[in-house]
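Please treat every number below as a calculation from the coordinates, not as lab data. Since the structure is predicted, the reported quantities are computational estimates derived from the model, not experimental observations. Glycine also receives a Cβ, built like all others from the backbone with ideal geometry; neighbour counts cover every protein chain displayed.
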């Protein structure tokens, strides 16, 4: 196997041989003992590089962007076009190692500036992703045949049908808890029948949609981020783009549309199961029969509460799906980065769902709904 070397000649650093994974350990040792040339202009002679893979390109990028002397500028010379393309791709996909950390000894002004710049860059990427998703959704509405229906139905099964057991169990227990806690107070005043109002309005309007959305954010949102992130780490996304297929249409759109379909159905299912749990406690603790419960339910719980809770579900679904897919596309490193962004997707998804629910509650209160 051809060896790889790196040597110094005045202000020129000569790179030769096969810069591939088997030679990286040897190159790392040479770089550690390398005496960096003096002067502000450091040039890299890469004419002698005969082979290069992603590992070699990443190591070369580190040499180019992290000189041990401040003020030095590094530039490769004579690198083959195919290797230059690989190096450019590495520079775009892998940020600098100290990009997220502030150098030691910097002032608080520089630290604040770095923080603001990083937040602005993140906001720009998020807005670009939202715009691209909106355009893709609009094209799908105009041309329904472009939607990958088989993938969409598969995600409806994964995120909807297979979530029925855990969703039903959780909302059933929540209905029991609400009814049991309310029964203790209603029994003191002899207003047992108002347990129907408490369980029906709270579950249909707020609790059932919110619980289902939080559950799906932890279950499906994290899965979206992990799946897309793994595809990016293994360079499957690059292969998809090479084939001329849009990752937005292939990965984001089927997941988002499937969740928009599945979450309202799960919400209706959660409403029924949660109310049934409340009916059992009303019967056992307050002697309110099923017939009395249903009669009071039709009288005391207007349909608007059910429609309000159901109307929130598609927006919850869109937030969860977009956050999960966005975090998947932001993964740049290895497996550890996949885990970090998966956690971020769950936290951000739940946070945005709760914020949106709070805004809806305030607006509906203003409109007397």
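Ordered by the count of other Cβ atoms within 10 Å of each Cβ, fewest first, 312, 188, 232 give 188, 232, 312.
When volume of the Cα convex hull per residue in Å³ is computed from the coordinates, the matching label among (i) 150; (ii) 225; (iii) 206 is (iii). In terms of packing, defined here as the mean over residues of other Cβ atoms within 10 angstrom, the peptides 344-355, 2-13 line up highest first as 344-355, 2-13.
Extension gain, residue 114 to residue 191, is 21.7 nm, computed as 0.36 nm per intervening residue step minus the present C-alpha separation.
Could you tell me the relative contact order of the chain? Use alpha-carbon pairs under 8 Å, at least six residues apart, and round to a whole percent.
17 percent
Inter-label distance, residue 149 to residue 130: 3.2 nm, where each label sits 7 Å from its Cα along the C-beta direction. Taking every DSSP helix (H) stretch of at least 4 residues in the chain, weighting each as -39,500 (n - 2.57) and dividing the sum by the residue count yields a mean residue ellipticity at 222 nm of -22500 deg cm²/dmol. Computed from Cα atoms, the angle from the helix 54-65 axis to the main principal axis of the chain rounds to 70 degrees. In this label model, residue 9 and residue 88 are separated by 2.8 nm, measuring between points 7 Å along each Cα→Cβ vector.
Expressed as an acute angle from 0 to 90° and rounded to the nearest 10, what is the orientation of the C-alpha long axis of helix 108-142 relative to the principal long axis of the chain? The answer is roughly 60 degrees. Net length available on complete extension from residue 363 to residue 177 is 64.2 nm, with 0.36 nm assigned per residue and the Cα-Cα distance removed.
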